[in-house]
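Undergrad: Right, I'll just put the structure down here and ask away after.
Values quoted throughout were computed directly from the atomic coordinates according to the rules given, and no laboratory measurement underlies them. This one's a predicted model, so the numbers in the text were calculated from it and none came from an experiment. Heads up, the Cβs are rebuilt from the backbone with ideal geometry, glycines too, and the neighbour counts pull from every protein chain shown.
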Amino acid sequence: MNGIILKNHELSKKTAEYEQLVQLTLEYERDYHVALHKEILKMKDAGETATFINSTVKLSPAVADLRLAYHICEAKERACLQAIKDCRCAIDSYRSLLAWEKAAKTEL
């Protein structure tokens, strides 16, 4: 029972953390795409060709940093979601063990 209680608390924390990470990921994604498109417009105004722009726009330090932050946050989000799944699996395992223990006691 203690294991179930602890995993339920962990599940609650991870669910709240996941919500925050989703929001943060969306903010990083927005910031990245805004910076990317600003850089594209700046390069177009400078007269660069579309081929050159597409091959070099992500090399801009500001754009690259925002892209990295976005991908890091996205990876944290996926890891948190996996932790939530792991908590649910552990809770199911505890429930199975409790059911088995209950059945074993009633057989005696």
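Undergrad: Restricting the range 66-87 to residues that are free of Cβ contacts under 8 Å to residues at least 24 places away in the same chain and basic (Lys, Arg), which is surrounded by the most Cβ atoms within 10 Å (Cβ to Cβ)?
TA: Residues of the range 66-87 free of Cβ contacts under 8 Å to residues at least 24 places away in the same chain: 68, 71-72, 75, 78-79, 82, 85-86.
In the following step, the residues that additionally are basic (Lys, Arg) were identified as 78, 85.
Details: ARG78: 13, LYS85: 11.
Within the range 66-87, the match that is surrounded by the most Cβ atoms within 10 Å (Cβ to Cβ) is ARG78.
Undergrad: Output the number of residues of the range 35-76 satisfying the condition of being farther than 23 Å from VAL22 by Cα and of a type outside the set (A, V, I, L, M). Let's see the steps before the verdict.
TA: We begin by selecting, within the range 35-76, every residue farther than 23 Å from VAL22 by Cα; these are 38-61.
In the following step, the residues that additionally are of a type outside the set (A, V, I, L, M) were identified as 38-39, 42, 44-45, 47-49, 51-52, 54-56, 58, 60-61.
Of the residues in the range 35-76, 16 are farther than 23 Å from VAL22 by Cα and of a type outside the set (A, V, I, L, M).
Undergrad: Going through GLU17, GLU39 one at a time, which residue ends up being under 30 Å from LYS85 (Cα atoms) and either surrounded by 15 or more Cβ atoms within 10 Å (Cβ to Cβ) or not small (Gly, Ala, Ser) (or both)?
TA: Details: GLU39 fails: under 30 Å from LYS85 (Cα atoms).
Of the residues listed, the single one that is under 30 Å from LYS85 (Cα atoms) and either surrounded by 15 or more Cβ atoms within 10 Å (Cβ to Cβ) or not small (Gly, Ala, Ser) (or both) is GLU17.
Condition check ((1) surrounded by 12 or more Cβ atoms within 10 Å (Cβ to Cβ); (2) over 30 Å from LYS13 (Cβ atoms)) across all residues:
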{"residue": "HIS33", "(1), (2)": "yes, yes"}
{"residue": "ALA90", "(1), (2)": "yes, no"}
{"residue": "SER96", "(1), (2)": "no, no"}
{"residue": "ALA103", "(1), (2)": "no, yes"}
